[in-house]
Amino acid sequence: MKARQWLDLLLLAALWGASFLFMRIAAPAFGATALAFVRVLGACLLLLPLLALAGHVGALRQHWRPLLVVGVINSALPFAAFAYAALAISGGLAAIFNAAAPLWAALIAWAWLGERPTRTRSLGLALGFAGVLALALDKASLKPGEHGVSAALAVAACLAGTVLYGFAANYTRRHLSGVPSMAVAAGSQLAAALALALPGLWAWPAQNPPPLAWAAATVLALACTGAAYLLYFRLIAQVGPARAITVTFLVPAFAMLWGAMFIAEDVTPQMLAGGAVIVLGTALATGLLRLPSRWAA
């Protein structure tokens, strides 16, 4: 990878890491569903004009059914799930759980597409899920927190979101292969905005969110979602998906950094240890880290 591509990778990780900070700031004022709607609507308004400039609007009409599915399972539902989790757990912890999404993608590919993992990848799946389980049990309290959401329910929402991400990755491979990446990005955000329009308006807060919450939601939509999609798909085009996915390992570090810097979130030894195990498992499960050949059969 060239220096520019490394910078893009770091910027993407910083943006996606910051998304957890902005959700923590905005979710209490908006609520999970309304915030998810604002997020996808803003990203949609940024990406659709760029899609028109690229000349790929026709792809939306041609592939609207799978784009609708991807919009719901890769944006609408997981964005709402992570916004809900932001009401009870730190952004750093949510980002660590988010890093398990490639584990679910590999497991679903095995069950659905028949892609049987090698010994190395099976070890990675076992390690990664062990890390997820350890962190989940550590936060298994059902006692409601400040915003009426328990840590256990927040963790469950994170895990549901990562399962959806894993399924969406395989669904996209199967049904949207060869579709321009800009069309997938813009079309999925449009579909998510349509899916969340009525629920988002129904759940709109009675009191207008304060300026800080609106600012956080705007940056979340335009920078952490719309611009981040553009960076991600540019990286895929330039260096391939295997290298682009390494951003997964950097996002939790940035999420913990931003949370500690700006809203004084704690970074516990349990988070660091569990995150390290999840990252190691994900690296093995996705083939980015390989054991010696005699163990990898």
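Quick note: the coordinates plus some simple rules give every number you see, no bench work behind them. Remember, predicted model here, so these are calculated numbers, not experimental data. Using ideal geometry, Cβ is built from the backbone for each residue, glycine included, and neighbour counts are taken over all protein chains shown.
Using alpha-carbon pairs under 8 Å, 6+ residues apart, how would you state the relative contact order of the stretch 19-83 in percent? It rounds to 62 percent for the stretch 19-83. Given their separation in residues at 0.36 nm each and the Cα-Cα distance between them, Ala276 and Trp64 gain 72.4 nm when the chain is fully extended. Which of rounded, prolate, oblate describes the chain, given a ≥ b ≥ c as roots of the alpha-carbon gyration tensor eigenvalues and a/c under 1.5 marking rounded, otherwise prolate only if a/b is larger than b/c? Oblate. The residue list Ala193, Ile96, Leu113 was ranked by how far each Cα lies along the charge dipole of the stretch 93-215 toward its positive end, using unit charges on Cβ atoms, and Leu113 comes out on top. Less than 5 angstrom separates the built amide H of Ser150 from those of Gly145, all sequence-distant by 5 or more or on a different chain. Using a simple spin-label model with pseudo-atoms 7 Å out from Cα toward Cβ, Ala52 and Leu194 lie 1.7 nm apart. The equivalent ellipsoid of the stretch 70-146 has semi-axes of 26, 18, 9 Å, largest first, where each one is the square root of 5 times an eigenvalue of the Cα gyration tensor. A DSSP coil position with no more than 16 other Cβ atoms inside 10 Å describes the following trypsin sites (Lys or Arg not before Pro) in the stretch 1-76: Lys2. Rg then Dmax, both in Å and based on the Cα atoms of the stretch 1-105: 15.7, 43.
The three principal axes of the Cα atoms in the stretch 118-258 give end-to-end lengths of 49, 38, 30 Å, sorted in falling order. In whole angstrom, how far apart do the alpha carbon centroids of the stretch 62-92 and the stretch 103-147 sit? Cα centroid to Cα centroid, the span is 18 Å. Rg and Dmax over the alpha-carbon atoms of the stretch 183-297 stand at 18.9, 62 Å. Going by the alpha-carbon gyration tensor, a ≥ b ≥ c the square roots of its eigenvalues, is the stretch 225-289 rounded (a/c under 1.5) or, if a/c is not under 1.5, prolate (a/b greater than b/c) versus oblate? Because a/c hits 1.5 or more and a/b fails to exceed b/c, the stretch 225-289 counts as oblate. With contacts taken as Cα pairs under 8 Å and at least 6 residues apart, the chain reaches a relative contact order of 41 percent. Here r is the Cβ-Cβ distance between Leu7 and Asn208 and R0 is 25 Å; the resulting FRET efficiency, rounded to 0.05, is 0.05.
Taking 0.36 nm per residue of separation and subtracting the Cα-Cα distance, full extension of the segment from Arg119 to Asp138 would add 4.0 nm.
Couplings 3J(HN,Hα) of the stretch 60-65, computed from phi: 5, 5, 6, 10, 5, 5 Hz, in residue order, whole Hz [Karplus 6.51 cos²θ - 1.76 cosθ + 1.60, θ = phi - 60°; x for Gly and Pro]. Take the Cα of Glu146, step 7 Å toward its Cβ, do the same at Ala260, and the gap between the two points is 2.0 nm.
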